[in-house]
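Take a look at the structure set out below.
The values are calculated or read from the model by the stated rules, or taken from the named source; none is laboratory data. Keep in mind that what you see is a predicted model, and the values were worked out from it rather than measured. Quick reminder, even Gly has a Cβ in these numbers, built from the backbone with ideal geometry, and neighbours come from all protein chains shown.
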Amino acid sequence: MFDRLKQLEVLRKSVETQGWALAHQMFPAEVAAAMLFQFQRGLGNTPETYTGIWGKGPFTKEFCFESYAYHYPFHAGLLWSLTPYMQALTGKELLPTTSYFRVYRKGDHCALHVDRPAAEYAISLTLGYSDDIPWPLWVSQEAVKPNASAAAKGGILPDGTQMSMLRIPMQPGDAVIYDGVNRLHGRHDPNPNEWSAHLFYDFVDRNGPYADHAFDRRNEFVQPSDFHFPPDGAPAAKAKTQKKVRK
């Protein structure tokens, strides 16, 4: 029987000692598929119909489908809801920063890079492959040296930088947790599927040097809420119900 609490203990030790960890079935494959379908249904699945970002990202060679968490409420909710999990896994008082959804096409790469400070603690989650062929995530075995990191342009290290890399195969629902700021990572192999879909979640330590990146510095999302009921004796308002969506 799968023991999630025991898995968390193992993952936490791996993050603390290695700077990364592979979480098999962080989400059950069925849940990963449901999440992916929600992105497709909510944003579209062709360049003509897609309402997210259709373009070439900073680390890709080809156009791809992308979504930024704060442009799509469902996406932002996924990011925020993972905060307790990441706190338990790292032992840190984390806050969410941002998240990206991306669908890569066949033959594309994700250039090896380091992330901006908002990705102090990062998750790379695989949602699905068109052809069910695992596409490995590459993560450096050691942290990037400060001089190389300082010389990075847009997260890309200078030519000639030598680092030992791990290739981590991932199935839908699997996730890799890593230090996005100090671990070189990406997908150096060409994508063997017609398409593959992934989510990236980022967090910072509330008490760490990058705490000001919480919520990606979008303070409009952390505001007090207020609800107003009709006063006693007022005529009852007409009831409203949510429409059930079936597709």
Exercise for the section: Identify the residue in the stretch 161-183 that is under 20 Å from HIS109 (Cβ atoms) and among the β-branched types (Val, Ile, Thr) and, among all such residues, is modelled with the lowest pLDDT. Expected result: THR161
Fill in the blank from the handout: For the stretch 72-86 the number of residues that are under 13 Å from PHE27 (Cα atoms) and not hydroxyl-bearing (Ser, Thr, Tyr) is 2
Exercise for the section: Report yes if some residue within the stretch 226-237 is closer than 30 Å to PHE59 by Cβ and either without any contact (Cβ under 8 Å) to a residue 12 or more places away in the chain or assigned to a loop (DSSP other than H, G, I, E, B) (or both); otherwise report no. Expected result: no
Practice task
Please indicate, with yes or no, whether at least one residue in the stretch 32-54 is loosely packed, with under 15 Cβ neighbours inside 10 Å, hydrophobic (A, V, I, L, M, F, W, C) and under 18 Å from the mean Cα position of the chain (by Cα).
Solution key: yes
Exercise for the section: Could you check PRO235 against (1) surrounded by 10 or more Cβ atoms within 10 Å (Cβ to Cβ); (2) modelled with pLDDT under 95 and say which number it fails? Expected result: (1)
Practice task
Would you point out the residue of the stretch 69-81, among those that are touching a residue at least 12 places away in the same chain (Cβ under 8 Å) and out of contact with any strand residue (DSSP E or B) (no Cβ under 6 Å at 6 or more places or on another chain), that is nearest to LEU137 (Cα to Cα)?
Solution key: LEU78
Problem - Pick from the stretch 90-128, criterion touching a His at 6+ places or on another chain (Cβ under 6 Å) and in a helix (DSSP H, G or I), ranking: surrounded by the most Cβ atoms within 10 Å (Cβ to Cβ) - result: ALA118
Practice task
Please work out if PHE27 is surrounded by 15 or more Cβ atoms within 10 Å (Cβ to Cβ), in a loop (DSSP other than H, G, I, E, B) and hydrophobic (A, V, I, L, M, F, W, C).
Solution key: yes
Practice task
Mind listing just one residue for me: the one in the stretch 185-231 that is within 23 Å of PHE65 (Cα to Cα) and among the aliphatic types (A, V, I, L, M) and, of those, farthest from the chain's Cα centre (by Cα)?
Solution key: ALA197
Problem - Failed criterion for GLN87 (all others in (1) surrounded by fewer than 23 Cβ atoms within 10 Å (Cβ to Cβ); (2) part of a strand (DSSP E or B) hold) - result: (2)
Exercise for the section: Please enumerate the residues belonging to the stretch 1-24 that are part of a loop (DSSP other than H, G, I, E, B) and surrounded by 15 or more Cβ atoms within 10 Å (Cβ to Cβ). Expected result: GLY19
Exercise for the section: Only residues that are assigned to a helix (DSSP H, G or I) and touching a helix residue (DSSP H, G or I) at 6+ places or on another chain (Cβ under 6 Å): list them for the stretch 43-73, please. Expected result: ALA69, TYR70
Handout entry: Scope the stretch 161-201; condition among the basic types (Lys, Arg) and in a loop (DSSP other than H, G, I, E, B); matching residues
Key = ARG183
